[in-house]
1. Which condition does T377 not pass, out of (1) surrounded by fewer than 17 Cβ atoms within 10 Å (Cβ to Cβ); (2) in contact with a helix residue (DSSP H, G or I) (Cβ under 6 Å, 6 or more places away or on another chain); (3) not charged (D, E, K, R), if it passes all the others?
2. For the stretch 287-301, give me each residue that is open to solvent by 20 Å² or more (accessible area, probe 1.4 Å), closer than 11 Å to N268 by Cα and touching a strand residue (DSSP E or B) at 6+ places or on another chain (Cβ under 7 Å).
3. Restricting the first residue to the stretch 91-120 and requiring it to be closer than 24 Å to R168 by Cα and at pLDDT below 80, which pairs with a second residue that is open to solvent by 30 Å² or more (accessible area, probe 1.4 Å) and of a type in the set (G, A, S) meet a Cβ separation below 7 Å and a spacing of at least six or different chains?
4. State which residue is surrounded by the fewest Cβ atoms within 10 Å (Cβ to Cβ) when the search covers only the stretch 142-177 and only residues that are of a type in the set (V, I, T), touching a strand residue (DSSP E or B) at 6+ places or on another chain (Cβ under 9 Å) and not in a loop (DSSP other than H, G, I, E, B).
5. Using the structure shown, decide if E186 is open to solvent by 50 Å² or more (accessible area, probe 1.4 Å) and closer than 19 Å to L94 by Cα.
6. Restricting the search to the stretch 353-373, which residues are closer than 14 Å to A318 by Cβ and open to solvent by 20 Å² or more (accessible area, probe 1.4 Å)?
7. Within the stretch 210-224, is there a residue that is within 30 Å of V61 (Cβ to Cβ) and under 16 Å from the mean Cα position of the chain (by Cα)?
8. Report, by residue number, each residue of the stretch 67-99 that is in a loop (DSSP other than H, G, I, E, B), closer than 14 Å to V241 by Cα and basic (K, R).
Amino acid sequence: MKDIILKAENISKQYRLGQVGTGTLSHDLNRWWHQLRGKEDPYLKIGDTNDRSTKGESDYVWALQDINFEVERGEVLGIIGKNGAGKSTLLKILSKVTAPTTGSIKCRGRIASLLEVGTGFNGEMTGRENIFLNGAILGMTKKEIASKIDEIIAFSGCERYIDTPVKRYSSGMTVRLAFAVAAFLEPEILVIDEVLAVGDAEFQKKAIGKMQDISKQGGRTILFVSHDLSAISTLTKKTIVLSNGKIVAFEETNKSIAIYSSMDSLSNVFTQDCLLNKPTVTKVKISPSEGGTLQGSNKPFSIDFEVTMPNKDMENMALSFQILNHLQVPVLYDYIFDINTEICRSKGVNRLSFTYPKLALYKGNYNVMVHLAETKTKTKFQEFNCCSFEVEMIEMKEPEWGWQKNVCQYLDEGSWEY
């Protein structure tokens with residue numbers, strides 16, 4: 001039998017836009033009158049889907065609707081989705097920070113949450129005092145906390161400041177200490193919402209390693225929300241995909257990531273207005289071998305750029321691009337520098353293009369990231385994601401490509417034109 005430690009049943013959460021609380025006094029009285037007569041809350045029948053990009057017709061919005069899932073003991077469950085999809089709302093309900101409008105949560109054990117930087121910390125208290133405070137909130141005794149405090153301080157890397165008030169900590173230091181407290185005080189369920197993105201690369205690596213250890217060796221359960229698909233892929237076996245407050249997929253992580261990546265419509269052209277008095281990449285267009293957004297592996301592929309220069313001469317420009325896979329990990333890149341070849345010195349629109357005679361990528365979805373900078377002063381003007389395309393193995397009898405998984409490589413066989 002499955003050892004279920006957390007179960008969500010028909011969870012929905014409704015908010016009233018532009019108001020604090022549930023709504024007006026008249027609405028509250030109407031709810032009370034329906035409840036008194038044993039009838040359903042009338043405002044549960046109305047409300048728009050949680051789509052932040054459109055204007056709704058109702059004052060009510062469903063941040064979550066009909067969420068159902070189970071988590072086994074020792075499982076690391078990923079939760080992904082776009083901004084506003086309902087990820088943080090779901091975790092707040094699971095952590096009992098807020099109550100669901102309908103549905104119920106059943107859990108067996110203590111829940112520790114890292115929902116925002118400094119959650120549960122008192123800024124006036126020292127780091128050491130906050131460790132004891134958080135431990136007490138989790139239901140630990142003073143003796144249990146004291147037995148772990150040296151490990152917590154060592155892992156956080158904040159030993160020098162541990163007796164300094166937390167209000168003087170940087171956001172990165174606060175996250176380090178908060179994660180160390182949550183991980184070492186051994187809650188049965190650990191809930192983490194994107195806060196590790198605040199830490200540096202070295203701490204993120206430590207934190208991911210620690211989460212793997214506590215799930216595999218400690219048998220503890222982790223719910224992990226992140227926009228870092230690489231971290232989700234590394235840590236989790238199953239992942240929930242949320243969109244507009246609803247679960248659109250609850251599959252093995254690789255399948256969920258593929259579904260999430262395909263939610264964005266592919267486009268082979270990107271345009272934008274020129275920035276005020278700044279060099280701007282105003283157009284990017286990709287030309288896949290099969291037309292549209294379909295590219296054959298080991299077939300020609302080109303990218304055209306239009307760089308609009310302000311009304312003054314500029315030198316030392318640098319244009320580069322990366323091709324990112326579905327995990328947003330760079331797999332190919334190239335660049336052109338003005339110090340080697342004069343580019344983008346003319347006022348107005350400057351056109352450049354790059355061509356791969358044989359684009360060596362494996363099947364899957366990819367997108368292009370563009371960088372525009374000035375090398376002498378190291379000024380970065382732009383960095384953005386744009387055109388997307390799909391690679392298929394078209395008319396290939398054997399694997400001739402030089403693709404390597406999750407490795408950013410530079411290919412000399414490409415060429416620039418300007």
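1. Among (1) surrounded by fewer than 17 Cβ atoms within 10 Å (Cβ to Cβ); (2) in contact with a helix residue (DSSP H, G or I) (Cβ under 6 Å, 6 or more places away or on another chain); (3) not charged (D, E, K, R), T377 violates only (2).
2. Answer for the stretch 287-301, where residues must be open to solvent by 20 Å² or more (accessible area, probe 1.4 Å), closer than 11 Å to N268 by Cα and touching a strand residue (DSSP E or B) at 6+ places or on another chain (Cβ under 7 Å): S287, T293, L294.
3. Close Cβ pairs (under 7 Å, with a partner that is open to solvent by 30 Å² or more (accessible area, probe 1.4 Å) and of a type in the set (G, A, S)) amount to L115/S88; V117/S171; T119/S113.
4. Only one residue fits best here, namely V166.
5. So E186 fits the description; yes.
6. Within the stretch 353-373, H371, A373 meet the criteria.
7. yes
8. K82
The values are calculated or read from the model by the stated rules, or taken from the named source; none is laboratory data. In this text the structure is predicted, and so the values were computed from the model without any measurement. For neighbour counting, all protein chains shown are included, and Cβ atoms are generated from backbone atoms with ideal geometry for every residue, glycine included. Ligands, DNA and RNA are excluded from the accessible area calculation, which covers all protein heavy atoms including side chains. Shrake-Rupley method; radii C 1.70, N 1.55, O 1.52, S 1.80 Å.
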